[in-house]
Amino acid sequence: MQFSRLKLNGFKSFVDPTELLIQEGLTGVVGPNGCGKSNLLEALRWVMGENRPSAMRGGGMEDVIFAGASTRPARNFAEVVLHIDNGERLAPAGFNDEDTLEVTRRITRDAGSAYKANTKDVRARDIQMLFADASTGSHSPALVRQGQIAQLINSKPKARRRILEEAAGISGLYQRRHEAELKLKGAETNLTRVDDVIDQLA
Ligand code: ATP
């Protein structure tokens, strides 16, 4: 899937609506210290469903909302929209109706996050799965943040394996397996209950 556009509004230092075109090939972000380069990468991770405040360098998820400056008041919400070129209809079923897939995440103070795929309300899990299956997820090794290379070199084999699995696009399978196991457990509990009822009736 080719990302084509990133729109930010009230996200961290991007208080005013900001739109960036993402062209084919490798993208580098350059600029002076503190201009918001890492914030851009975080916006990409965030719209793909990142839910760990630590990955956003914050203490809580609402820390991604513009916190105010000497000349500007804080904002009440933050929104990031990612446009994905879907001309070749490579998006998974359920997301594949339009030439452009537009994923929106919005967080409002005291009201949490909401996601949309084009105009449809969707769950966080749907978005996380969409990107995990496309191996571009919020933990994707395609997004290299500061210090990550050193972390990779120093990481334990298990952590390194996770990175390789994300790159191979199979990390979504773990979540699906976990959900299938929960369903199986529920079915087993129901069967035990049915056995008990049959025993009582016998
Ligand atoms: P460096 O080159 O030093 O790594 P950078 O270009 O990656 O810097 P970022 O770390 O992306 O810069 O941006 C840091 C700026 O973002 C700081 O000025 C910080 O005050 C601002 N910032 C971060 N979170 C918020 C927020 N919630 N509200 C307002 N500003 C924020």
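Bear in mind these aren't lab numbers, they're just calculated from the coordinates by the rules spelled out. Just so it is clear, the structure is predicted and the values come from calculations on it, not from any experiment. Cβ coordinates were reconstructed from backbone atoms using ideal geometry, including for glycine residues, and neighbour counts include every protein chain displayed.
Using the C-alpha atoms of region 80-137, what convex hull volume per residue, in cubic angstrom, is computed? Present the calculation step by step, with values, prior to reporting the outcome.
Values: hull volume 4.6 nm³, N = 58.
Measuring per residue, one finds 79 Å³ for the Cα hull of region 80-137.
Length gain on complete extension for the stretch GLU24 to LEU41, per 0.36 nm per residue less the alpha carbon to alpha carbon distance? Write out the running numbers ahead of the final one.
Numbers: separation 17, 0.36 × 17 = 6.12 nm, distance 1.67 nm.
Stretched out fully, the GLU24 to LEU41 stretch lengthens by 4.4 nm.
At most 15 other Cβ atoms within 10 Å and a DSSP loop assignment: could you name the trypsin sites (Lys or Arg not before Pro) in region 14-120 that fit? Provide the component values of the computation, followed by the final result.
Numbers: sites: LYS37, ARG45, ARG57, ARG75, ARG89, ARG105, ARG106, ARG109, LYS116, LYS120; in loops: ARG57, ARG75, ARG89, ARG109.
Those satisfying the criteria are ARG57, ARG89, ARG109.
To the nearest 20 Debye, how big is the dipole of the chain about its Cα centre, given +1 on the beta carbon of each Lys and Arg and -1 on that of each Asp and Glu? Each step should come with its number before you reach the end.
On the way: 28 positive and 26 negative charges, 173 e Å.
Result for the chain is approximately 840 debye, rounded to the nearest 20.
What's the longest piece of the chain with no exposed GluC sites (Glu not before Pro), counting a site as exposed if DSSP puts it in a loop and it has at most 10 other beta carbons within 10 Å?
On the way: sites that count: GLU24, GLU88.
The answer is 89-202.
Send over the Kirkwood Rh of the chain, from the inverse of the averaged 1/r over different Cα pairs, rounded to one decimal Å.
Numbers: mean 1/r = 0.0525 Å⁻¹.
Across the chain, the inverse of the average 1/r is 19.1 Å.
Taking R0 as 35 Å, what's the FRET efficiency between ARG72 and ALA150 from their Cβ-Cβ distance, rounded to 0.05? Don't skip to the end; give the middle numbers.
Details: r = 36 Å, r/R0 = 1.02.
It comes out at approximately 0.45.
How much mean residue ellipticity at 222 nm does the chain get from its helices, if each DSSP H run of length 4 or more adds -39500 (n - 2.57) and you divide by all residues, to the nearest 500 deg cm²/dmol? Write out the running numbers ahead of the final one.
Numbers: 5 runs with 71 residues, N = 202.
So the helix-based figure for the chain works out to -11500 deg cm²/dmol.
How far apart, in nm, are the 7 Å Cα→Cβ label points at ASN96 and THR108?
Result: 3.4 nm between the two label points.
What number comes out for the charge environment of THR119, summing +1 per Lys or Arg and -1 per Asp or Glu over other residues with Cβ under 15 Å away?
Around THR119, the surrounding residues sum to -3.
Within the set LYS7/LYS37; LYS116/LYS158; LYS37/LYS156; LYS120/LYS183, which residue pairs have Cα atoms separated by over 23 Å?
Values: LYS7/LYS37 14 Å; LYS116/LYS158 33 Å; LYS37/LYS156 28 Å; LYS120/LYS183 27 Å.
The answer is LYS116/LYS158; LYS37/LYS156; LYS120/LYS183.
Which of the listed residues, VAL30, ILE65, LEU20, is farthest toward the dipole's positive end in region 9-157, when Lys, Arg count +1 and Asp, Glu count -1 at the beta-carbon?
Comparing the listed Cα positions along the dipole, ILE65 ranks first.
Write down the Kirkwood hydrodynamic radius of region 1-112, to one decimal in angstroms, obtained as one divided by the mean of 1/r over all alpha carbon pairs.
About 15.0 Å for region 1-112.
Testing the spin-label approximation: label points 7 Å from Cα along Cα→Cβ at ASN190 and ASP63. State their distance in nm.
Once both label points are built, they end up 4.3 nm from each other.
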